[in-house]
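Student: The structure that follows is given in the form of structure tokens.
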Amino acid sequence: MKESGVYTPETFTVEMAENLEKERRRLQLEVCEYFIKVNEVKSKKGADFLQHFIDFYHTHLHYLKECVEVMEHFGKKMPDLANRISSLQKQHDTQKRHLVDTRECVRKLLEKESVQAAPSCGYPSTQTVPVNLSYGTQKSGFLLKKSDGKVKRIWQRRRVCVSDHELCLYHADESKPPVRLMLLTCQLKLPGEHPSPNVSAPVDQSGDTPDTASSVARRSFFLVSNNRTYHFQAEDDKDFAEWTSVLSNAMQAVFNEAMNSGGQGHASNGLDMYTSSHHSRGSSITGSEVDLLVSHAVAPSSLSRSSTGGSGDAANVLTGAQLHQAIQRIMRTKVPGNHICADCGRPDPEWVSVNLGVLICLECCGTHRELGVQCSRTQSLLMDDLSTSQLLLPRFIGNRLFNDVYESSLSETTKPTASSDSASRRNFIRCKYQEKKFITSTMGCLNTIGRRRRTSMDTTITADTSLSSSDVDRFLKRDLLRAIRTGDLSTLIQVHAEGLDLTAPIDVVDDSGTSVVGNTALHFTIENAAVDGILGSSPYLYLSILEFIIQNSSAQNLQRENAMGETPLHYAAKFASADAIRLLLCIGGTPTAVSSDFFL
């Protein structure tokens with residue numbers, strides 16, 4: 001210290017020691033304060049937090065108990081509320097049924113009035129169109145066309161040209177493009193021998209009446225297209241004969257050309273070919289719905305097709321409400337079990353599931369729609385205009401045949417009645433169609449629903465069976481093939497109910513020993529109907545099998561090809577099955593598809 005030049009007296013050292021002692025005590029005090037704060041923080045994080053959590057638990061428990069008491073209070077009123085809802089639903093259904101009946105009564109009255117006023121249409125009774133091949137198939141000139149005004153209908157002179165298989169109708173301003181009508185889809189009609197008094201004579205713009213009503217009817221004719229009816233009148237009797245003959249010859253020529261180009265006809269001329277083709281146009285699946293029902297109740301309408309009026313008269317035998325009533329009557333009386341609802345037994349069902357072929361009541365229809373179109377597609381027999389293909393399944397399957405499969409293991413006490421509430425009705429329909437609980441499996445080893453909902457264990461074998469899923473599919477495919485060859489709709493419904501893909505390739509050897517490679521059920525149905533014929537009482541039975549497969553399969557699977565690259569549409573064309581072609585084209589078949597042998 002002395003050497004460094006710093007000198008510290010002794011008294012200063014003692015004082016510094018005392019100060020250090022004081023600072024040490026202050027530090028100890030602060031450290032104690034610090035540890036007290038740390039202890040308080042730990043206490044809040046531990047014991048206090050748990051105590052607050054316990055308090056929250058008791059508070060929440062008290063709240064939940066109060067909620068339970070409130071729910072129990074309202075729960076006592078739920079049965080009464082459910083009964084009120086059920087009665088209200090029945091009341092609404094009754095009102096809806098009453099409104100539907102009222103609407104049908106009004107529709108009947110309107111149809112009756114329209115039938116009584118039918119002569120005003122201009123051709124109350126048609127007669128045979130005269131044919132003269134010497135006039136040829138082309139003509140150009142002028143005709144009087146009756147306007148379509150709602151207040152005043154006048155005759156207007158228009159230029160008309162028939163050439164290249166079409167009729168061109170020019171406007172008053174010929175700079176505008178003409179109306180072109182394809183003669184292949186048109187029909188020529190003549191008025192009856194005794195014209196209607198409502199047919200007016202031609203009146204020009206000045207108000208003169210040059211012709212009488214009788215001369216108008218004698219020189220007028222109707223050209224019916226796909227969406228409109230044109231009323232023409234020739235200038236004189238010679239011009240009338242020439243126009244009608246040219247139109248008839250042109251229609252016959254384009255029809256013969258279409259048949260020859262499709263490979264389904266042969267070259268022919270003369271009146272005989274015209275008459276035979278004129279009568280055959282109404283014998284297809286796209287005609288009147290009553291043609292395909294194969295019932296004695298509609299025999300007069302089918303016979304009328306062979307009259308001189310042609311297919312146009314047969315299509316007008318039953319129209320509107322009359323046609324709906326005829327379809328409804330035939331579906332209920334000619335098919336076993338269709339007089340009552342397939343699900344609840346209510347009499348006189350008025351709705352149809354077009355993909356299953358069953359008739360149901362209005363109450364059950366609501367649940368069917370809840371299932372979705374992938375399960376059931378419903379239409380009304382009264383309100384909807386059903387096509388012929390939509391009537392195939394309800395005509396050939398029916399409630400009894402369908403329920404023999406879908407309710408084979410059902411007890412009488414399980415099925416609802418007409419007076420059952422909507423909840424029990426809904427539960428039964430879901431179990432029947434969606435879960436398929438009432439079906440008896442033909443395999444007896446695999447549950448039906450289990451087969452439809454397999455995941456990664458498709459190849460496993462159940463504990464109580466020795467059949468694998470591939471064996472089950474093989475047996476079901478054999479049953480499907482047998483159903484197609486024998487026309488057994490019950491077996492067809494059974495294999496579909498057990499979850500078999502109806503469009504899967506059937507690469508098995510059938511009972512006759514014939515090896516089939518890559519063909520689907522659609523291929524076999526078309527081939528068997530054309531070559532061997534299906535054992536059934538109706539020639540349309542194979543169409544119902546086709547329609548069932550089409551309605552219950554995805555559109556993509558319907559285009560499956562066999563080993564030769566042929567789709568079902570190729571087979572329908574190969575075996576000249578016109579009705580099958582129409583059914584397949586309606587669901588999106590590709591007419592321009594080319595197979596490996598370039599058949600199409």
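Student: Looking at Ile397, Ile429, Ile439, can you tell me which residue is of a type in the set (Val, Ile, Thr) and either touching a strand residue (DSSP E or B) at 6+ places or on another chain (Cβ under 8 Å) or at pLDDT below 90 (or both)?
Tutor: Testing whether each residue is of a type in the set (Val, Ile, Thr) and either touching a strand residue (DSSP E or B) at 6+ places or on another chain (Cβ under 8 Å) or at pLDDT below 90 (or both) leaves just Ile397.
Student: Being surrounded by 13 or more Cβ atoms within 10 Å (Cβ to Cβ) and at pLDDT below 75 is the requirement here; does Val160 meet it?
Tutor: For Val160, the condition - surrounded by 13 or more Cβ atoms within 10 Å (Cβ to Cβ) and at pLDDT below 75 - is not met.
Student: Collect the residues in the range 372-412 that are among the charged types (D, E, K, R) and not in a helix (DSSP H, G or I), keeping them in residue-number order.
Tutor: Once the filter is applied, which keeps residues that are among the charged types (D, E, K, R) and not in a helix (DSSP H, G or I), the range 372-412 yields Arg377, Asp384, Asp385, Glu407, Glu412.
Condition check ((1) farther than 24 Å from Gly487 by Cα; (2) out of contact with any helix residue (DSSP H, G or I) (no Cβ under 7 Å at 6 or more places or on another chain)) across all residues:
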{"site": "Ala326", "(1), (2)": "yes, no"}
{"site": "Ile330", "(1), (2)": "no, no"}
{"site": "Glu363", "(1), (2)": "yes, no"}
{"site": "Gly366", "(1), (2)": "yes, yes"}
{"site": "Leu391", "(1), (2)": "no, no"}
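Student: Please enumerate the residues belonging to the range 332-371 that are more than 21 Å from Ser422 (Cα to Cα), in contact with a Pro (Cβ under 9 Å, 6 or more places away or on another chain) and either β-branched (Val, Ile, Thr) or in a loop (DSSP other than H, G, I, E, B) (or both).
Tutor: The answer is Val335, Asn338, His339, Val354, Leu356, Gly357.
Student: Name the single residue that is surrounded by the most Cβ atoms within 10 Å (Cβ to Cβ) among those in the range 544-569 being part of a helix (DSSP H, G or I), modelled with pLDDT of 85 or more and in contact with a Ser or Thr (Cβ under 8 Å, 6 or more places away or on another chain).
Tutor: Among them, the one singled out is Pro568.
Student: Which residue pairs have Cβ atoms closer than 6 Å, lie 6 or more positions apart in sequence or on different chains, and pair a first residue in the range 92-118 that is among the acidic types (Asp, Glu) with a second residue that is part of a helix (DSSP H, G or I) and at pLDDT below 80?
Tutor: Glu111/Gly320; Glu111/Ala321
Student: Now for a separate question. Search the range 112-155 for residues being of a type in the set (Gly, Ala, Ser) and modelled with pLDDT under 65, and hand back the single one that is farthest from Ala250 (Cα to Cα).
Tutor: Result: Ala117.
Student: Could you tell me how many of the residues in the range 138-165 are under 21 Å from Cys186 (Cβ atoms), small (Gly, Ala, Ser) and outside any strand (DSSP E or B)?
Tutor: Result for the range 138-165: 1.
Student: Okay, moving on. Could you give me the residue pairs with C-beta distances under 8 Å whose first residue belongs to the range 574-590 and is under 16 Å from Ser553 (Cβ atoms), whose second residue is among the charged types (D, E, K, R) and at pLDDT 85 or above wherever it lies, and which are 6+ apart or on separate chains?
Tutor: Short answer, once both residue conditions are applied: Leu583/Glu547.
Student: Right, another one. Select from the range 201-234 the residues that are surrounded by fewer than 15 Cβ atoms within 10 Å (Cβ to Cβ), assigned to a loop (DSSP other than H, G, I, E, B) and either within 49 Å of the chain's Cα centre (by Cα) or modelled with pLDDT of 90 or more (or both) and list them in ascending order.
Tutor: Within the range 201-234, Asn226, Asn227, Arg228 meet the criteria.
The values are calculated or read from the model by the stated rules, or taken from the named source; none is laboratory data. Since the model is a prediction, treat every value here as computed from it, not as a measurement. Every residue, glycine among them, receives a Cβ derived from its backbone with ideal geometry; neighbour counts consider all protein chains shown.
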